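Following: one structure in structure tokens, then a few remarks.
The values are calculated or read from the model by the stated rules, or taken from the named source; none is laboratory data. Every value quoted in this text rests on a predicted model; they were computed, and no experiment measured them. Neighbour counts are summed over all protein chains in view; Cβ atoms, including those assigned to glycine, are modelled from backbone coordinates with ideal geometry. Ligands, DNA and RNA are excluded from the accessible area calculation, which covers all protein heavy atoms including side chains. Shrake-Rupley method; radii C 1.70, N 1.55, O 1.52, S 1.80 Å.
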Amino acid sequence: MGKACALLEVQSKPGPELAKDLATGTWRTQHYECRSKAMGNPNWFTVVEFVAKVDALGPRRAGG
């Protein structure tokens, strides 16, 4: 991934809602707000962290 991507953060709904998006596959169509400056808020996480959560689902559940 490029350096710019590592700086992006994604806003999500609270933890249980993100877990639901991941479990149901809703993450594929859910629009998440992104920004390039750190927020320091627990509802914000880096794109790298989000990709890791999707990768942890495995290829069949992640849509691969």
Out of the residues in the stretch 36-58 that are open to solvent by 90 Å² or more (accessible area, probe 1.4 Å) and modelled with pLDDT under 80, which is nearest to Ala19 (Cα to Cα)?
Pro42
So in the stretch 18-35, with the set limited to residues that are of a type in the set (A, V, I, L, M, F, W, C) and touching a residue at least 12 places away in the same chain (Cβ under 8 Å), which one is surrounded by the fewest Cβ atoms within 10 Å (Cβ to Cβ)?
Cys34
